[in-house]
Amino acid sequence: MTLGMPIYLDYHATTPADPRVVDAMLPYFKEKFGNAASRHHRFGWTAEAAVEKGRKQIAALVGAHADEIVFTSGATESINLAIKGVAEAYRSRGDHIITVATEHKAVLDTCAKLERHGFNVTYLSVDRSGRLSLDELLSTLSPSTILVSVMAANNEIGTIAPLEEIGKLCRSRGILFHTDAAQAAGKVPVNMESMEIDLLSITAHKMYGPKGVGALVVKKRNPATLLVPQIDGGGHERGLRSGTLNVPGIVGFGVAADLCAKEMADESERLASLRDRLVKGIMSQLDDVSQNGNTGNRLPNNANMTIAGVKADRLIMDMKDIAISTGSACSSASPEPSHVLKAIGLRREDVLSSLRFGLGRFTTSAEIDVAIQKVVETVRLARTETYQPAHA
Ligand SMILES: *Cc1c(COP(=O)(O)O)cnc(C)c1O
């Protein structure tokens, strides 16, 4: 599949559905249209069997059991259910939640709402590379801490969190650990069992599945994780999330997860090499360009660069042939500069000069070469107007 023009380099915002995913979904809009909760006829049984297959495929991707999957409308809803659901269920035990300054707005806004309802939330800081300090996490834990929520990989700078260490630390103290794995799942290995993760949020549209379907994976065994449902109704999904299941979406999500699991090793190598070629191509031809994030431990498809002396939003508008962004798509409705880049200590002017590149399954080396050329040309032109290089 080729995506054509403009060249799509915004895979952190969303991914196109893989054609194999779409093919698998189609019958579930047509002859296999049944409601998975219909117990009395074949239409329902067919839909239910498809949902159960999807559950298995998604569970396998993240090292969980099929009966631990709770289907939702996406990662935002999963995150809301995880954090609010735990907060309500464990309130009598404690009122303290720990998260990180660089989390997605779905986590930060949910935590802010809980603060208005009397919970205490600690926002851990990160270093220049976007990593939290395990020592700081350790010193912040208290007897009233009920939940730690740390994203698996950042959606702007790609930094991967030490999930295993955090999981171990939380498990040994009986504190629940939730991770927002919307960017990490399907791209890098995530395993709930070996990483001792209790709750994990994922979404299909970041892994070549359809939009509008996601899952919260909830550890069920020794001990079971308690959650208060946030959507009440017919008692679907073991009572944790009512509402008729999105059967075609779940079928697509399952196939998407399966494809990611099978292709992850080769694909991440291919993407990292394309990403490195992009970064090298830009940095070798332009002065005063620096990379943001942890270049040693980040998503293979991510690069975030500060290009001194140019306004990123202007650059993006000038490069009509490349679809990229400055950061989180979710906050691009509001022109606020990236809270992630601020949290890693970038000066305001550098935040406003930063570009996020997200590569993906359909990115080709020819596209990368065009992108390098376009970025270099456009930056050179923009800099002739106003820019004085630092070393001049
Ligand atoms: C995209 C994204 C979300 C939100 O997922 P939706 O399915 O779009 O609600 C949450 N967290 C991260 C890290 C993301 O990248």
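Quick look at the numbers
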item	result
Number of the condition not met by Gly233 [criteria: (1) in contact with a Ser or Thr (Cβ under 7 Å, 6 or more places away or on another chain); (2) open to solvent by less than 50 Å² (accessible area, probe 1.4 Å)]	(2)
Considering residues of segment 279-296 that are touching an Asp or Glu at 6+ places or on another chain (Cβ under 9 Å) and not in a loop (DSSP other than H, G, I, E, B) only, the residue least open to solvent (accessible area, probe 1.4 Å)	Gly281
Residue, most open to solvent (accessible area, probe 1.4 Å), within segment 76-94, restricted to residues that are within 13 Å of the ligand (Cβ to nearest atom) and of a type outside the set (S, T, N, Q)	Glu77
Residues within segment 169-220 that are within 12 Å of the ligand (Cβ to nearest atom) and among the charged types (D, E, K, R), tallied	4
Residue in segment 141-162 that is surrounded by the most Cβ atoms within 10 Å (Cβ to Cβ), counting only those that are over 19 Å from the mean Cα position of the chain (by Cα) and of a type in the set (A, V, I, L, M)	Leu147
Pairs with Cβ under 7 Å, 6+ apart, first in segment 70-99 and among the acidic types (Asp, Glu), second open to solvent by 10 Å² or more (accessible area, probe 1.4 Å)	Glu88/Val228; Asp95/Gly118; Asp95/Phe119; Asp95/Asn120; Asp95/Ser144
Evaluation of Arg241 against (1) part of a loop (DSSP other than H, G, I, E, B); (2) open to solvent by less than 30 Å² (accessible area, probe 1.4 Å); (3) away from the ligand (no atom under 13 Å from the Cβ) (one fails), failing number	(2)
Any hit, segment 203-219, residues being open to solvent by 20 Å² or more (accessible area, probe 1.4 Å) and more than 20 Å from the chain's Cα centre (by Cα)	no
Among (1) modelled with pLDDT under 95; (2) in contact with a strand residue (DSSP E or B) (Cβ under 9 Å, 6 or more places away or on another chain); (3) of a type in the set (Gly, Ala, Ser) - the single one Ala323 does not satisfy	(1)
Test set (1) charged (D, E, K, R); (2) in contact with a Gly (Cβ under 8 Å, 6 or more places away or on another chain); (3) in a helix (DSSP H, G or I) - Glu196 fails condition number	(3)
Residue check for Leu147: away from the ligand (no atom under 16 Å from the Cβ) and within 25 Å of Glu237 (Cα to Cα)	yes
Residue, nearest to Asn154 (Cα to Cα), within segment 95-113, restricted to residues that are open to solvent by less than 10 Å² (accessible area, probe 1.4 Å) and away from the ligand (no atom under 15 Å from the Cβ)	Ile98
Hey, Ser73 within 12 Å of the ligand (Cβ to nearest atom), at pLDDT 95 or above, open to solvent by 40 Å² or more (accessible area, probe 1.4 Å) and farther than 30 Å from Arg128 by Cβ or not	yes
Ala371 vs. criteria at pLDDT below 95, over 26 Å from Arg128 (Cα atoms) and not polar (S, T, N, Q)	no
Close pairs (6 angstrom Cβ cut-off, 6 or more residues apart or separate chains): on the phi > 0 side of the Ramachandran plot and at pLDDT 95 or above in segment 202-221, near the ligand (Cβ under 10 Å from one of its atoms) and open to solvent by 10 Å² or more (accessible area, probe 1.4 Å) anywhere	Gly212/Ser73
Enumerated strands (runs of 3 or more DSSP E) restricted to segment 88-176, each holding at least 2 residues that are touching a Leu at 6+ places or on another chain (Cβ under 8 Å) and closer than 17 Å to Ile197 by Cβ	96-100, 145-149
Failed item in (1) at positive phi; (2) within 16 Å of the ligand (Cβ to nearest atom), with Gly63 passing the rest	(2)
Selection from segment 297-330 of residues that are surrounded by 18 or more Cβ atoms within 10 Å (Cβ to Cβ), in contact with a His (Cβ under 9 Å, 6 or more places away or on another chain) and not aliphatic (A, V, I, L, M)	Asn301, Asn302, Ser325, Gly327, Ser328
Hits in segment 6-44 (condition: among the polar types (S, T, N, Q) and either closer than 24 Å to Lys262 by Cβ or within 16 Å of the ligand (Cβ to nearest atom) (or both))	Thr14, Thr15
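The values are calculated or read from the model by the stated rules, or taken from the named source; none is laboratory data. All values reported here derive from a predicted model rather than from experimental measurement. Note that we place each Cβ from the backbone using ideal geometry, even for glycine, and neighbour counts take in every protein chain shown. The area values use the complete protein model at the heavy-atom level, side chains included, leaving out ligands, DNA and RNA. Shrake-Rupley method; radii C 1.70, N 1.55, O 1.52, S 1.80 Å.
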